[in-house]
Amino acid sequence: MNTPEVTVVVGTRNRGPLVADTVKSILSSERIDVELIVIDQSDEDTSQHAVEALGADDRLDFRRSDTVGVSLARNIGIRSATSRIVLITDDDVVVEPDWARTFHDAMMAAPDVAVGFCQVHPGPHSADDGFIPAYEFDTDLTIDRLRDKHRIQGIGAGMAVRRDEVLAI
């Protein structure tokens with residue numbers, strides 16, 4: 001198998017069929033070679049069975065982990081990635097077919113950026129069902145000093161990292 005252009009990492013815990021929708025949308029990415037790593041921290045098998053029901057796909061690496069916590073799952077996935085650019089999203093997100101390609105291209109166009117964020121739009125929902133996290137912005141922002149890190153905004157549901165640079169930190 002050739003090295004993928006981009007790796008996508010998803011951490012999950014007890015999400016069942018919800019994570020299967022995420023996996024299906026990522027594997028439907030267009031115009032880019034994708035490796036998908038799912039780190040399953042569930043204490044039951046529902047998520048694994050839901051993903052297995054989608055059928056075999058060589059691009060999918062589904063791993064069980066005894067760890068707990070989305071940051072740990074993401075770190076395991078980043079370490080396991082085989083591509084230079086790693087995209088991260090959540091286990092309840094459905095991405096558009098051009099998401100991986102567009103986000104990858106944005107990172108490639110900004111070679112000095114180690115961590116980037118994209119817009120995350122809420123899907124259809126009722127406000128009565130609770131808060132739906134989203135991140136939407138009007139202008140791009142790049143910072144290059146640690147003292148300005150408080151200006152960074154974004155959410156883990158739409159994050160990209162340069163693998164080597166983040167692992168060096």
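Miscellaneous remarks
- Within the stretch 106-129, residues that are closer than 18 Å to VAL166 by Cα reach partners that are acidic (Asp, Glu) with beta carbons closer than 7 Å, at six or more positions or on different chains, in the pairs ALA114/GLU165.
- Within the stretch 84-99, the set of residues being open to solvent by less than 30 Å² (accessible area, probe 1.4 Å), among the hydrophobic types (A, V, I, L, M, F, W, C) and either more than 15 Å from ILE155 (Cα to Cα) or part of a strand (DSSP E or B) (or both) comprises ILE85, VAL86, LEU87, ILE88.
- Hits in the stretch 23-45 - residues which are hydrophobic (A, V, I, L, M, F, W, C), out of contact with any Gly (no Cβ under 6 Å at 6 or more places or on another chain) and either assigned to a strand (DSSP E or B) or free of Cβ contacts under 8 Å to residues at least 24 places away in the same chain (or both): VAL34, LEU36, VAL38
- Within the stretch 6-26, tally of residues that are over 12 Å from the mean Cα position of the chain (by Cα) and surrounded by fewer than 19 Cβ atoms within 10 Å (Cβ to Cβ): 6
- Considering residues of the stretch 66-83 that are of a type in the set (Gly, Ala, Ser) and assigned to a loop (DSSP other than H, G, I, E, B) only, the residue most open to solvent (accessible area, probe 1.4 Å): GLY69
- Filtered residues of the stretch 100-127 (kept if surrounded by 14 or more Cβ atoms within 10 Å (Cβ to Cβ), charged (D, E, K, R) and farther than 18 Å from ARG59 by Cα): ASP105
The values are calculated or read from the model by the stated rules, or taken from the named source; none is laboratory data. It should be emphasised that the depicted structure is a prediction, and the values quoted were computed from it without experimental measurement. Counting neighbours? That spans all protein chains shown, and the Cβs are built from the backbone with ideal geometry, glycine included. The accessibility values were calculated without ligands, DNA or RNA, using every heavy atom of the protein model including side chains. Shrake-Rupley method; radii C 1.70, N 1.55, O 1.52, S 1.80 Å.
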